[in-house]
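For reference, the structure discussed in these notes is given below.
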Amino acid sequence: MKCSLKWLRQYVDISLPPSDLAKLITAAGTEVAHVEVIGGWDNVFVGQIAVIEPHPNADRLRLATVNLGAENVTVVCGAPNLVIGDKIAFARAGANLLDGHTGEKIKLKPSKIRGVLSEGMVCSEMELGLSRSHEGILVLPPDAPLGARLADYMGDVIFDLEVTPNRPDMLSVLGIAHETAALTGAAVREPNLDFIPAGRSIDESISVEITDAQLCPRYCAGIVTGVKIGESPRWLKDALTASGVRSINNVVDITNFVMLEFGQPLHAFDYDHISRSKIIVRLANDGETMTTLDGVERKLTAETLIIADPDRPIAIAGVMGGATSEVTQGTTAVLIESANFKPSSVHNTQVRLKMPSEASARFERSIRAELALPALRRAVQLMIEVCGGKAAEGLIDRYPGRKDAAAVLLTTSEVKRILGLDVPPAQIEKTLVSLGCKVARVSENSFEVIPPYWRSDLRLNADFIEDIARVMGYQSIPDTLLSGAIPHQEPNPMLGLRLNMRQVLAGFGFQEVITYALTDRPTLEKGMNSPLSPEPLHIEHPMSSEQECLRTSLRGNVLAALAANIRREEGAIFLFETGHVYLPKPGDLPVEPEMLCGVLTSTGSEKVWRGRKEPVDFFDTKGAVEGLMAALGVGVNFVESQDPGLRLGRQAAVIAENKFQMGVLGQLHPRVTQAFDLPDNTCLFEINADVLLPLATGTMHYEPLPKFPAVMRDLAVIVGEGTSHSQIVRIINGFSLVKKAVLFDVYSGKQVAAGNKSLAYSLTFQSADHTLTDTEVDKVLSAILKKLADELGATLRS
Amino acid sequence: MDIKTQLEELKAKALGELAAGGDGASLEAWRVRYLGKKSQLTEILRSLAGLSIEERKEVGALSNTLKIELDAAFKIAEETLLARAASSADAKDTIDISLPGRPFPRGHLHPVCQALGEISSIFTAMGFQVLEGPEVEWDYYNFDMLNMPKEHPARAATDTFWLDAPPNDAGWKMLLRTHTSPMQVRTMEKNRPPIRIVVPGIVHRYEATDATHLSMFSQIEGLAVDEGISMADLKGTLHEFARRFFGTDRRVRFRCDFFPYVEPGAEMAVECGVCRGDGCRLCGGSGWIEVLGAGMVHPNVLEGVGIDSKKYSGFAFGMGIERIPLLRAGVEDIRLFYGNDLRFLRQF
Ligand SMILES: [Zn+2]
């Protein structure tokens, strides 16, 4: 809502500087987003063209003598529309103007034009910053005061208000005046609504039928005959221009003016084009059509509330009028509609037809039905004044949905309970009265309050309390800390687990990323390398095809993030994300398991002295998962797996406590690396944190420190290529005196027979009850070897 | 020559030799000469046998003192020699300490997660429990129960991602939550006051992405409900949060604002950290930066979950997280947070 200070001042006295008023209104709940000062016109005055002479040295220029009241000045002027006697805007040297051609800011300097001194300039609208028009000079109305500062005569300040959905009253100059009055302690002068009717009784001219009081609680109408359609007077045009509304003709301009003044949308019909003197407010029939003012034929539905005559629809209620009953040059009788429509009905129609308007914006915010009559009176009065019409005797006022605002009982203790501030009863009363409320004292500390007719948002105690607080200013409420008991808290272990995982991985050198929950099917499919199952949840009307559905896996997004970064740098990159995936569940909200996905890759070798030289591989990935799980205190083992997104034979399922599969890890399938344009060696791990959560209890196990010394032995065995480390280690660990077996070398090559490999272990032997002797250890060692030979065909590597 | 004079001469000679310096071998020879079993001092002491008891006492004391003095002098000389030897050895085996250290990989937590964690822990310290809720929600929780019934203008004005899924048996429609506030309702449905929670999480708005808007962003919600909670508590709690998070010297400002699920409603702004209130590009010249929306829980919301609004009252607040690192570090394009460019993320 754009509101002119000049217009506002007609209803309320304002002594504050505009910027201070803007701050006050903002603090009270309606943000003044912008304060525009029109006419920073120093050194520009109202003048009158007294004499026009030809320029001695230029055919296209003329010399004008301008009368400024106290003196005459001469200027050189090239404008075509110079007329003796016209009032104009004269700028002296030093005036800040805009260049008439480039629009840049300039400071006017005295100058000689073709040898003649020009003492200033007669300004165009563009030079004054009023419009883009620079063809001719601005001609002021004949009553413009000669010699006055143009800023005093034409300057204004425009407040641009961002009105919240609860305050339709702030979409009106009068509403803003009431707000200003409450905030500054001034009083409002409401406009006079009187007019003298001179026509026949309105009931002879029109009848109105409302079919649904819910959809149309009130319908008021007035008729003005003998109007002369024409251009609006300057004050009317200026008022509309200040609010950003285009002038059309005097009748339409008056309806818009009153809408801006009262916040009540009006519509003017050409009375002679309403059939059979009857208006019916009803729902349209499915398939009914009408052509709206913009010339578009609209198909109506059974949900569309319309204004109709007995023959056809003549307007879409609260949204737009129809072309057949439009006020045109030939119109002589006007029916003015001032009605109240159900907000949701107007909203739905406006959305369905994609026709938001100034009118629908007000109806949607639920304006009060009480506004309809005063606004109508004002419009009729102005039409008589401006368009020279005669008002019919009486006004139509159908009010089947009448609901008077109920009085609310407000107590000082309730004010104190909500605000935490003692507001004296007298101040409560004064504040509410300043807002236009009717306040009746019920007792020393309680009131009955009725909101003013222009406010639709004051219904509950809390609403009035907010108004008291915002008029007093929130700064008057003290700052206190919560004094009640701290409630019991239920543990939320996922928070701790997530934080642990993130910190451990960051410690390992992984960078955390956050990717969008919305993705597209191709990305999901590429990441999984399999058809999507389940089918992800789709967005009803996606904003773009890249964000069409909810992810069922983190893989695609994280790999895409990796691919984007690998193009920018060489070396190893480790990324991870923890986040939800969304698995559809029939008839219910989706399940949202928390997943962890890490990706590792490298290109070339890190170009850093002593940096990592080997390419990233499976064992980096496994090491990360092992390290993470060790940090979380969860025992895991790894078994061969068959995830289609990973390379067969280079992937493993992550199993916790020998039974819970909580994820997979491995080298990406070549189709996946190709799809994302990633290096072949790129690896991934994926852990379902929901499965991990009950296992990662953080319970610590304590083992007493050993009392007897350990004995270390190395053992290198040769086995077939097909034998795995885990098979060997399981046998070794089966011997009770073996405390630890650590693999330290794997070798296959010239020194062992083809088809074989050698694995070397560092074994730690220890007993809980005595010091081991060499003989004892040797005995166990040969038993281990024998068992390895028997079960795996292993031989000692010598 | 009496023994005293002999001792004096011995002392002068020994210390003189020591002062002349020498290597390890000459120092060892000196020790044998003056402190060894066959040293001159020993010989002098042996010759005491022929003296009277008084003389023996006197000379004995003198020679003991001398022995202590020579011992001390020897230790100093020995240490000086060792130190000199060590430093000359180091000089031959130095490294270029300006070479870079061996790199340890360092990962970074995402700046949004860092901010969320920090904010959560401030409220935890004030007795708020951290809860999380579903990101896919019913309109019932996202709107209806938050005083935004089907035809409420604020609901219509909230740009929502609706899901292509049938409504449930109750007719509820599925959407991506537009704020973390549904957890207010879910929590109050299950728990009676006193309640103090904060809810961090991802939310979505059907909005074109640009430098200051994202279709997905993070929020943190707060709710406190009990007997006697007032707007003064709201202001005090949020002011305390601002002190702990932005710094004790940053001023805060509350103004009236509208959210359907609170009444009275408020917006909190913090003094701009760059210009300290004078106005700059970051704060759009106002000197203040809007940080969060808040208010007293609307009576309709309390009554909706069966909490007596005459007896209990509460406050709620919600803030967007991306603004925080944005404001702290002066990031000008909010899209960077989810662009996952390592050159950006590594700066946090
Ligand atoms: Zn600033």
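Assorted remarks:
- Under-5 Å amide H pairs with residue A:581, H placed in peptide plane, nonlocal only: A:595
- With a threshold of 19 Å on the Cα-Cα distance, the over-threshold entries among B:13/B:38; A:585/A:659; A:2/A:354; B:38/B:67 are A:585/A:659; A:2/A:354.
- Derived scalar couplings ³J(HN,Hα) [region A:42-52; Karplus, 6.51 cos²θ - 1.76 cosθ + 1.60; whole Hz; x for Gly, Pro]: 6, 6, 10, 10, 7, x, 9, 6, 9, 9, 10
- Taking a straight Cα-Cα cut-off under 15 Å and skipping sequence neighbours fewer than 8 places away in the same chain, the aspartates and glutamates within cross-link reach of residue A:107 are A:42, A:99, A:119, A:127.
- Shown for chain A are the DSSP H helices of 15 Å or more along their axis, judged by Cα atoms, with a mean Kyte-Doolittle hydropathy of at least -1.0: A:173-184, A:250-262, A:372-387, A:461-472, A:493-507, A:555-566, A:618-632, A:774-792.
- Top positive-direction residue, dipole computed over chain B with Cβ charges, set B:262, B:299, B:287: B:287
- Average beta-carbon neighbours from other chains, 10 Å sphere, peptide B:207-213: 1
- Pairs of Lys residues in region B:112-345, spaced 8 or more positions apart or belonging to different chains, with C-alpha separations under 27 angstrom: 9 in total.
- Sequence-ordered 3J(HN,Hα) estimates for region A:70-84 from the Karplus curve with 6.51, -1.76 and 1.60 and θ = phi - 60° stand at 8, 7, 10, 10, 10, 10, 8, 9, x, 5, x, 9, 7, 10, 5 Hz, glycine and proline given as x.
- Averaged over the residues of B:104-114, the number of partner chain Cβ atoms lying within 10 Å of the residue Cβ comes to 6.
- Taking the helices alone, chain A has a mean residue ellipticity at 222 nm of -7500 deg cm²/dmol, built from -39,500 (n - 2.57) per DSSP H run of at least 4 residues and averaged over all its residues.
- The residues B:102, B:250, when put in order of fewest to most other Cβ atoms within 10 Å, stand as B:102, B:250.
- Two-site FRET efficiency, residue A:483 against residue A:535, from Cβ-Cβ distance with R₀ of 56 Å, rounded to 0.05: 0.60
- Environment charge at residue A:61 (Cβ cut-off 13 Å; Lys +1, Arg +1, Asp -1, Glu -1): +2
- For residue A:324, net neighbour charge (Lys/Arg +1, Asp/Glu -1) across residues whose Cβ lies under 10 Å away: -3
- Among A:13, B:257, the order by Cβ neighbours within 10 angstrom, fewest to most, reads A:13, B:257.
- Normalising the average separation of contacting C-alpha pairs (under 8 angstrom, six or more residues apart) by the number of residues puts the relative contact order of chain A at 8 percent.
- Adding -39500 (n - 2.57) for every DSSP H run of four residues or longer, then dividing by how many residues chain B holds, sets the calculated 222 nm ellipticity at -12500 deg cm²/dmol.
- Considering only beta bridges that DSSP places wholly inside region B:112-345, some 95 percent are antiparallel.
- Here region B:3-92 is assigned +1 on the Cβ of each Lys and Arg and -1 on the Cβ of each Asp and Glu. Its dipole about the Cα centre then comes out at about 220 debye.
- Across region B:3-92, the relative contact order, built from alpha-carbon pairs under 8 Å that are at least six residues apart, equals 37 percent.
- Stretchable slack from residue A:409 to residue A:99, in nm (0.36 nm times residue separation minus alpha-carbon distance): 105.5 nm
- Sequence-ordered 3J(HN,Hα) estimates for region A:302-319 from the Karplus curve with 6.51, -1.76 and 1.60 and θ = phi - 60° stand at 5, 8, 8, 7, 10, 9, 9, 9, x, 9, 6, x, 10, 6, 8, 3, x, 10 Hz, glycine and proline given as x.
- Straight Cα distances below 22 angstrom link residue A:438 to the lysines A:403, A:416, A:430, with same-chain residues fewer than 8 positions distant left out.
- Principal-axis tilt of helix B:3-19 within chain B, Cα atoms, nearest 10 degrees: 50 degrees
- Counting only cysteine Cβ atoms and a cutoff under 4.7 Å, chain B contains unmatched residues B:113, B:256.
- Counting only lysines at least 8 places from residue A:740 when in the same chain, those with an alpha carbon closer than 21 Å to its own are A:622, A:707, A:779, A:786, A:787.
- Rounded Å value of the spacing that divides the Cα centres of region A:195-252 and region A:722-798: 102 Å
- Taking Cβ atoms as reference points and 13 Å as the exclusive limit, the residues near residue A:656 contribute a net charge of -2, counting Lys and Arg as +1 and Asp and Glu as -1.
- Nearest-0.05 FRET efficiency for residue B:170 and residue A:671, computed from C-beta distance (R0 35 Å): 0.20
- Burial order of peptide ranges B:212-224, A:580-592 (average beta-carbon count within 10 Å, highest first): B:212-224, A:580-592
- Take every DSSP beta bridge whose two residues both sit in the protein assembly as shown; close to 95 percent of them are antiparallel.
- Region A:135-167 versus region B:67-146: alpha-carbon centroid distance in Å: 65 Å
Throughout, read-outs are computed from the coordinates displayed, never taken from laboratory work. Note that the coordinates shown come from a computational prediction; the quantities given were computed from them, not determined experimentally. Ideal geometry is used to build each Cβ from the backbone, glycine not excepted, and the neighbour counts take in all protein chains shown.
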